[in-house]
Structures are given as C-alpha cells and as structure tokens.
Amino acid sequence: MLAPKELLPKCVNQQIKVITTNQTYYTGKLISYDEYMNLVLSGDVEERKLTSKGELLSKIGGDNNRVLICGVGVAMIVPCI
C-alpha cells in the first residue's frame, strides 16, 4: 500500500476512485491536488453511494466540468487501472 504523497503524483491525468467519509465515492480523471489532499476531478465524473449496488447519485460530464473534493472528507483513493 502506498502513502497518498507517493500515489497521487502517479495518478495525475489517470482515472481514480475517491471514497469519502460520508459513504459515497467519485470516479473521474485526477487533474490536480494539493498538500491537504484536496482533489480536482474532470471528465465524466460520477458520484455513487457506497453500497453493493453502487446507486448513481449524480453524473457530471465533459472535460470542461471540474469537481473539487475537499481533502478532509477523503477516506481512500483507488487508482483505476
């Protein structure tokens, strides 16, 4: 398992899954991040409930749209290979 500071540089411009502390997760392309683990996702970003069925909550599409995820709420980052 890699520490976030080792993992995040390798994931820039790659698809990732961000699991949050409020039982939801986001999938999208990581555009940027900072030292507080605030993450900016782009592309076809999806927000889903963290359940066995993964109920879709919202979908934000297009490369011009960006989603900012506050680092305080990030529980886990999973690279999508």
- With springs connecting C-alpha atoms under 10 Å apart, model the chain as a Gaussian network and identify which of Lys17, Lys53, Lys29 has the largest mean-square fluctuation. Lys53
- Compute the FRET efficiency between Ser58 and Gln15 as 1/(1 + (r/R0)^6), taking r as their Cβ-Cβ distance and R0 = 25 Å, and round to the nearest 0.05. 0.90
- Around Gly28, with a cut-off of 12 angstrom between Cβ atoms, what is the net charge of the other residues, counting Lys and Arg +1 and Asp and Glu -1? +1
- Message: Which of Asn64, Asn13, Asn22 ends up with the largest GNM mean-square fluctuation for the chain, with Cα atoms connected below 10 Å?
- Response: Asn64
- Task: In whole Hz, with x marking every Gly and Pro, tabulate ³J(HN,Hα) for region 4-15 from phi via Karplus 6.51 cos²θ - 1.76 cosθ + 1.60, θ = phi - 60°.
- Result: x, 5, 8, 7, 4, x, 6, 9, 4, 6, 10, 6
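We did not get these values from a lab; they are worked out from the coordinates using the rules stated. Remember, predicted model here, so these are calculated numbers, not experimental data. For neighbour counting, all protein chains shown are included, and Cβ atoms are generated from backbone atoms with ideal geometry for every residue, glycine included.
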